[in-house]
Amino acid sequence: MNLYEFEGKEIFEKFGIAIPKSVLLRRGDKAEEIYKLFNTKDVVLKVQVLSGKRGKNNGVLFGSNVGDVKSAVDKMFVSNIRGQYICGVLMEEKLNIAEEHYLSITYDTNRKQPVLIYSQSGGMDIEDVSEEKIEKYYLDIRNENIDLNIPFANELWNCFIKNDARVVEINPLVKTVDGKFFAADSKIAIDDDAFFRHKEWNFEPRTMLGRLPTDRENAVVKIDEGENYYRGTAGKYIEMDGDIAVLFSGGGASIANMDALIQVGLKPANYTEYSGNPPREKVAQLAKIVLSKPGLRGLWIAGGVANFTDIAATFSGIIDALDEVKPTYPIVIRRAGPNEIEGKRLMEECAKRNNLNLKIFGKEIAMGATATVLFDMINVK
Ligand code: GDP
Ligand code: MN
């Protein structure tokens, strides 16, 4: 999960990394009153979104009087920063910048160990800084201290380890004209699998897409909560703006199917993927939510040849939803694996009693090819 700048800075502060004086404004807060809390005339206003590159997209503005500050904040709350949800505006004391450095720690996936990356030429054009100007230090996870002459290196290392972070980044790491260092920005990505040992992680809702989760997305997450987590998963669901509902199984196959769907010219209404032999009830809950999206024009149920997922049991979950919803739009299924004959029989019976426009295939045809079948069924005259 990615954190907002203001959340990252709160964490930085706890670990001894200096941050500029800052106050978070939420929608409806009075900018002029918060501005009064600052002793300095010059402030920076920073839109709080989950993407970077705000500096180049009008997401970082400056103000030096009440009028400017107020209009900048008003503008920010209605602005469109790469389509991202704006959770707030951070008002900060403006730093008098002499230099912008870059400092980050992440995992190097080739070396399989953490790496610290530092450059004296940081800032908004860090991607264009030449290799020679970038220093890399591989870190030993067993060492509590790192012996580098880089501002906040130790503090950031501590912050990285203690927060189960995947990435911590300070860009720019500012050196002010009077020689002090500050984290002027923060980027932290935490490891979602570490939630169980961080009681302090009560972050506000967000999605990877930079927007708030929808009601259906929130409902699907609940399917895998608690002990249910260990019985096969059916709790992944991302809503999209197309009109073809999908029910995929298996991680890699699902991504390939998503591509196949788009390639034939259909638009997904959602992404979802169940796997690990989830029980009938879980699949039924997921399928009911998937089918509850308004405006659907088709349903594609697809997956590879399962090793141990019970096709009849998982199909029974989908059938529970089909019996309830009785869709009138075309449905295409491609799936194989244990108990497939029984699964197919149950599905065909369901189609018959509900008069569904449904075609079902097994391993005799490639997964992706059945996207074309759905396309043709939708586009018949
Ligand atoms: P990003 O573009 O989303 O990474 O946003 P940053 O927080 O990194 O800000 C972008 C740029 O705004 C920085 O590289 C600085 O040049 C400038 N900036 C941010 N805070 C300050 C500040 O306090 N004083 C000054 N002078 N510039 C700032
Ligand atoms: Mn930045």
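The values are calculated or read from the model by the stated rules, or taken from the named source; none is laboratory data. The structure displayed is predicted, hence computed values, not measured ones. Every residue, glycine as well, gets a Cβ built from its backbone with ideal geometry; the counts of neighbours run over all protein chains shown. Calculation scope for accessible area: heavy atoms of the full protein, side chains included, ligands and nucleic acids excluded. Shrake-Rupley method; radii C 1.70, N 1.55, O 1.52, S 1.80 Å.
Take region 213-378 with all the other protein chains still there, run a 1.4 Å probe, and you get 44 Å² of accessible area per residue. Note that region 219-271 shows a convex hull volume over its alpha carbon atoms of 66 Å³ per residue.
Would you work out what percent of the accessible area of the chain, with all protein chains in place, is carbon or sulfur (probe 1.4 Å)? Spell out each step's value before the answer.
Numbers: 9600 of 19290 Å².
Using a 1.4 Å probe with all protein chains present, the chain comes out at 50 percent carbon and sulfur.
Placing pseudo-labels 7 Å out from each Cα toward the beta carbon at Asp376 and Asp192 gives an inter-label distance of 3.7 nm.
Specify, per residue and in Å³, the volume enclosed by the convex hull of the alpha carbon atoms belonging to region 168-327. Don't jump to the answer; show the numbers that get you there.
Values: hull volume 25.9 nm³, N = 160.
For region 168-327, the hull spanned by Cα atoms encloses 162 Å³ per residue.
Over region 1-126, the reciprocal of the mean inverse Cα-Cα separation, the Kirkwood hydrodynamic radius, stands at 16.0 Å.
Given the rule -39500 (n - 2.57) for each run of at least 4 DSSP H residues, summed and divided by the residues of the chain, what is its mean residue ellipticity at 222 nm, to the nearest 500 deg cm²/dmol? Before the final figure, lay out each step's value.
On the way: 10 runs with 110 residues, N = 381.
After summing the helix terms and dividing by the residues of the chain, the value is -8500 deg cm²/dmol.
As a ratio to 2.2 N^0.38 Å, the alpha-carbon radius of gyration computed for region 288-381 takes the value 1.03. Debye calculation, C-alpha points only, no solvent: report log10 I(q)/I(0) for region 75-127 at q = 0.29 Å⁻¹, in the same order as the q values. Here log10 of I(q) over I(0) equals -1.03. In the chain, Cα pairs under 8 Å separated by at least six residues give a relative contact order of 12 percent. Helices of the chain meeting both criteria, an alpha-carbon length of 24 angstrom or more along the long axis and an average Kyte-Doolittle score not below 1.0, with helices taken as full DSSP H segments, do not occur. Given R₀ = 25 Å, FRET efficiency for Asp108-Glu200 by Cβ-Cβ distance, to 0.05? Given R0 = 25 Å and the Cβ-Cβ separation, E is 0.35.
Calculate, for region 21-93, the solvent-accessible area per residue in square angstrom, rolling a 1.4 angstrom probe over the heavy atoms of the protein chains.
Accessible area per residue, region 21-93: 50 Å².
Candidate cross-link partners of Lys293 among the lysines, defined by an alpha-carbon separation under 23 Å and a same-chain spacing of 8 or more, comprise Lys222, Lys236, Lys267, Lys282, Lys326, Lys359. The distance separating the Cα centre of region 314-375 from that of region 120-152 comes to 54 Å. Within region 188-207, name every residue whose backbone N is under 15 Å away from a label modeled 7 Å from Cα of Asp29 along the Cβ vector. From region 188-207, the list is 204. Of the three principal axes defined by the Cα atoms of region 21-93, the extents in descending order read 33, 23, 20 Å.
Can you give me the accessible area per residue for region 97-196, using a 1.4 Å probe, in Å²? Working shown, then result.
Numbers: 5600 Å² over 100 residues.
Ligands and nucleic acids excluded, the result is 56 Å² per residue.
Accessible surface comparison of Thr272, Thr214, probe 1.4 Å, protein chains only, largest first: the order is Thr214, Thr272. Taken along its three principal axes, the alpha carbon spread of region 97-196 comes to 42, 26, 25 Å, from the longest extent down to the shortest. Coordinate range of the alpha-carbon atoms in the chain per principal axis, descending: 78, 50, 39 Å.
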